[in-house]
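K.L.:
Here it is, the structure in full.
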């Protein structure tokens, strides 16, 4: 996880699913969700949240039709490189929403590089 809590570079599953089913991806950015479901102990976190209610802000972006965005026909099977490009384009929209919520410039418009999991 990024220590500054910026989104990491996208995996390709959502784009592959959207391409396969023909549905749009709706980007939703959240700020402050880590205060609700942080890594601390559950009881301690729950008690803290009852006393000091965390603020969570969300921003919903416009639906993204991945096939239109990537200019891929309905019956065309995209290559792995095209799917990666699509995931990067969708993540760029999500990172822009997060940057707008935070009032900051994102360190990487495609999401910060993933650490070793």
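All of the numbers you see were taken from the coordinates with simple rules; none came from a lab. Just so you know, these numbers come straight off a predicted model, no measurement behind them. So basically every Cβ, Gly included, is an ideal-geometry build from the backbone, and we count neighbours across all protein chains shown.
K.L.:
What does the helix-only formula give at 222 nm for the chain: each DSSP H stretch with n ≥ 4 adding -39500 (n - 2.57), the total divided by the residues, and the result rounded to the nearest 500 deg cm²/dmol?
P.N.:
Working: 5 runs with 51 residues, N = 117.
That comes out to -13000 deg cm²/dmol.
K.L.:
If packing is taken as the mean number of other Cβ atoms within 10 Å per residue, what is the order of 69-77, 26-34, highest first?
P.N.:
Result, highest mean Cβ count within 10 Å first: 26-34, 69-77.
K.L.:
Could you line up 52, 67 from fewest to most neighbouring Cβ atoms inside 10 Å?
P.N.:
Working: 52 9, 67 16.
The order, fewest Cβ neighbours first, is 52, 67.
K.L.:
Which distance in nm do the two modelled labels at residue 59 and residue 81 give, with both placed 7 Å along the Cα-to-Cβ direction?
P.N.:
3.3
K.L.:
Name all residues of the range 75-113 having a backbone nitrogen under 17 Å from the label point set 7 Å from the Cα of residue 30 along its Cα→Cβ direction, giving them as ranges.
P.N.:
Under cut-off, by backbone N: 94-95, 97-99, 101-102.
K.L.:
For the chain, modelled as a GNM with alpha-carbon contacts under 10 angstrom, which of 96, 62, 87 fluctuates the most?
P.N.:
Among 96, 62, 87, the largest GNM mean-square fluctuation belongs to 62.
K.L.:
Could I ask something else about it? Taking the Cβ of each residue in 101, 47 as the centre, tally the other Cβ atoms inside 10 Å and list the residues starting with the fewest. Spell out each step's value before the answer.
P.N.:
Values: 101 15, 47 11.
By the 10 Å Cβ count, ascending, the order reads 47, 101.
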